[in-house]
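A quick write-up on the structure given underneath.
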Amino acid sequence: MSKVKLGDLPRHAFASSWRTAPRPWRSAGTSAKPRLLPAAGYRAMPCPKEILVPRLPGSCLERACCAAAAAWLMLSAPTVALAAPEPPPYQQANQTPETQKAKTAPLSQDKQSAATDSSSQLPPLPTSFPLLPDIVVQAPQEVRLDNGLRVFLLEDHEVPLVKATLLMKGGARASPADKVGLATISAGVQRAGGSRAHPGNALDEALEVRAASIEGGASGDAIGMGFECLTEDLGEVLGLFNELIQEPALPQEKLALYKSQILNLIAHRNDNTAVIPPRELRKLIYGPDSVFARGPTATQVAGMTQADVAEFLQKWERPDNAVFGMAGDFDSKQAVALLNESLGKWQPAAAQPSTPPPIPSTPIPPQAHSGRLFLVDRGGQTQASITVGEVGIDLLDPDSFALDVLGDIMNGFGGRLFDELRSKEGLAYSVAGGWNTTPADHVGLFVAGGDTAKPAEFLTALRRVLQDLRTEAPTQKALETAKAQTLNSFVFNFASTNTQLQRILVYSLLGLPQDYLFQYKTGIERVTSEDVRNAAQRHLHPDEQIVVIAADRKAFEADLTQKFGQVELLTIDS
């Protein structure tokens, strides 16, 4: 028997969710939960697995050990004996002058030599490490149901859980021009309202008794619904999920609830000054009515009806416009049979065309605002929020690999932007920039910025750093460090079966090759310093970028005008 050490505790001692944490007592052949037994002094009571844990610990380390050990014991140890803390080697109140003098006296020559000899015997730090084994990717089983729904199945029998996701093309881009935000509201009402057979709370209760969940929502490009459940409940939960997709209830009270939430967000959308510049920058580059920049108005949201929600879901939620994936502890043959009896009977709504509609897109207009500086007056603000930007690239642009490496060179601790604007000049607490790559059907943006009390100096320094990155190739050390950030984290793309499944579904929905992630890794590995500089020269133009600043006009306009010339006031919706 010995005291527990913090390093001896297994990793699952700190698991935060009972649904995903391992249950060691199950694999050990026992269902006994741990029991806490009192102990006196350091005499531990006999038990199958004893750990001495300080009782009423005094030091931070003792407290950490005690807490971590208790967490571990609640997961694995059948029995534990508690122990009293060790008495300190001396009491502060009983120290004599001789003791104090001995404590402060310098070490003798012999003791110094012994300490030096001891440190010289420490083993050297390792300088090389074995290579990681090759990543083995589990190929999914792909099935196309009779109604055109593409299905991807990944078996993983490690824990008795099943996770599933249904992605349908559409999303915020598909909202009508006069009803911006309808996609978000429709997905919310669909989930919250339940199905006709299990409306509202009935669906929630049916899921709760099975420790299952169904969640959904809309992103920019897709509507997503998914569920999670125990293996033994797969049939029942899949049935509930199928009802929600094919026969949503869409009650008026849930529509009113979601409309009120969106209206509240609209009323407070300018409370955080930092969100204003990037939002307005997208409008200036894409155009205010672009599907990539527009936002809902209170009038549009207030006028949305149940009929609008039903019409939107009928138009975009159809099996030939979707992909479905399931990962976890199930048998694929049985899963296919269950799917044929549920989602396999899903059909496009009546009066819908035989093929799904294309996702709306808006071409980028000529850039009439290049090089201009806009100021949004936010009276009373002591700091300014700055965003600069220009037209960027899409996901399949040949320069995407080099620009991703350049993004790593710019950002984070040790990055050029961080070092120059924060560490050296103290102009901002945080600053960042980079290219937000988008699906291949439209172009993303380059965006950079931060918050500062000196906007004129910040913008000057930001432009200088971006210009240096455009004209100077990075050093080999900076290049290798930036590439290592991506390459060393590559393995985490395969951390779980569900992570792999989500990637498979997204690639399938967007029409990307399933090996795109490996193509991306190879592309990063091949990037050279000259590739980075050449890509920066093609896609980085600091003097032509649009600048949007949200700040107190009285405090900052004069200084900005003196250094940059004309400053244009930009009016935004309140």
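As for segment 550-566, it holds at least one residue that is open to solvent by 50 Å² or more (accessible area, probe 1.4 Å) and among the β-branched types (V, I, T).
Annotation note: Cβ proximity below 7 Å between a residue of segment 440-465 that is within 30 Å of S361 (Cα to Cα) and a residue that is in a loop (DSSP other than H, G, I, E, B) and among the hydrophobic types (A, V, I, L, M, F, W, C) (sequence gap 6+ or interchain) occurs for A440/L395; A440/L396; H442/F292; V443/I364; V443/I393; G444/I393; F446/L540; G450/A428. Only a single criterion out of (1) over 31 Å from the mean Cα position of the chain (by Cα); (2) open to solvent by 60 Å² or more (accessible area, probe 1.4 Å) is not satisfied by D331, namely (1).
Residues in segment 139-159 that are of a type outside the set (S, T, N, Q), open to solvent by 70 Å² or more (accessible area, probe 1.4 Å) and touching a residue at least 60 places away in the same chain (Cβ under 8 Å): D146, H157, E158. Of all residues in segment 350-385, those being within 30 Å of D559 (Cβ to Cβ) and part of a loop (DSSP other than H, G, I, E, B) number 12. Considering the conditions (1) closer than 22 Å to R144 by Cβ; (2) part of a helix (DSSP H, G or I); (3) open to solvent by 60 Å² or more (accessible area, probe 1.4 Å); (4) of a type in the set (V, I, T), V336 is excluded by exactly one of them, (3).
The set of residues in segment 519-545 being more than 28 Å from the chain's Cα centre (by Cα) and β-branched (V, I, T) consists of T528 alone.
For first residues located in segment 257-276 and surrounded by fewer than 16 Cβ atoms within 10 Å (Cβ to Cβ), partners that are part of a loop (DSSP other than H, G, I, E, B) and lie 6+ apart or on another chain with Cβ distances below 8 Å form the pairs V275/R269.
Quick grid of which residues meet (1) crowded, with 18+ Cβ neighbours inside 10 Å; (2) touching a strand residue (DSSP E or B) at 6+ places or on another chain (Cβ under 9 Å):
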residue	(1), (2)
G433	yes, yes
P439	yes, no
K454	no, yes
K477	no, no
F494	no, no
N498	yes, yes
D515	no, no
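Here L459 fulfils each of the conditions (1) under 30 Å from T273 (Cβ atoms); (2) assigned to a helix (DSSP H, G or I); (3) open to solvent by 20 Å² or more (accessible area, probe 1.4 Å) apart from (3).
Consider segment 517-549 and keep the residues that are among the hydroxyl-bearing types (S, T, Y) and assigned to a helix (DSSP H, G or I). The one that is least open to solvent (accessible area, probe 1.4 Å) is S529.
The number of residues in segment 197-211 being in contact (Cβ under 8 Å) with a residue 24 or more places away in the chain and outside any helix (DSSP H, G or I) comes to 6. For beta carbons closer than 7 Å, sequence separation of 6+ or different chains, a first residue in segment 498-523 that is β-branched (V, I, T) and at pLDDT 95 or above and a second that is open to solvent by less than 60 Å² (accessible area, probe 1.4 Å) and in a loop (DSSP other than H, G, I, E, B), the qualifying pairs are I504/P140. Look at (1) open to solvent by less than 20 Å² (accessible area, probe 1.4 Å); (2) part of a loop (DSSP other than H, G, I, E, B); (3) of a type outside the set (V, I, T) and you find that F324 fails only one, number (2). Only one entry of S195, S175, S219, S186 meets the criterion of being open to solvent by 10 Å² or more (accessible area, probe 1.4 Å), out of contact with any Cys (no Cβ under 6 Å at 6 or more places or on another chain) and of a type outside the set (D, E), and that entry is S219. Just one of E420, E390 is more than 27 Å from Y286 (Cα to Cα), modelled with pLDDT of 95 or more and either open to solvent by less than 10 Å² (accessible area, probe 1.4 Å) or outside any loop (DSSP other than H, G, I, E, B) (or both); which is it? After applying the criteria, what remains is E420.
Restricting the first member to segment 212-223 and to residues that are free of Cβ contacts under 8 Å to residues at least 40 places away in the same chain, and the second to residues that are open to solvent by 30 Å² or more (accessible area, probe 1.4 Å), the beta-carbon pairs closer than 8 Å and six or more apart or on different chains are A212/E228; A212/L230; S213/E228; I214/R191; E215/R191; G216/R191; G217/T184; G217/R191. The numbered conditions (1) farther than 22 Å from S361 by Cβ; (2) more than 22 Å from the chain's Cα centre (by Cα); (3) in a loop (DSSP other than H, G, I, E, B) are all true for F413 except (2). Of all residues in segment 498-541, those satisfying the criterion of being in contact with a helix residue (DSSP H, G or I) (Cβ under 8 Å, 6 or more places away or on another chain) and among the charged types (D, E, K, R) are R503, K521, E525, R526, D531, R533. Of all residues being in contact with a helix residue (DSSP H, G or I) (Cβ under 8 Å, 6 or more places away or on another chain), β-branched (V, I, T) and in a loop (DSSP other than H, G, I, E, B) in segment 114-147, which is modelled with the lowest pLDDT? Just the residue, please. Looking at the filtered set, the residue picked out is I135.
Inclusion of G379 among residues that are farther than 17 Å from V547 by Cα and either open to solvent by 40 Å² or more (accessible area, probe 1.4 Å) or touching a Lys or Arg at 6+ places or on another chain (Cβ under 9 Å) (or both) is warranted.
The values are calculated or read from the model by the stated rules, or taken from the named source; none is laboratory data. What you see is a predicted model; the values in this text were computed from it and never measured. Because the Cβ atoms are built from the backbone with ideal geometry, glycine has one as well, and the counts that use them run over all protein chains shown. Only protein heavy atoms, including side chains, enter the accessible area calculation; ligands, DNA and RNA are left aside. Shrake-Rupley method; radii C 1.70, N 1.55, O 1.52, S 1.80 Å.
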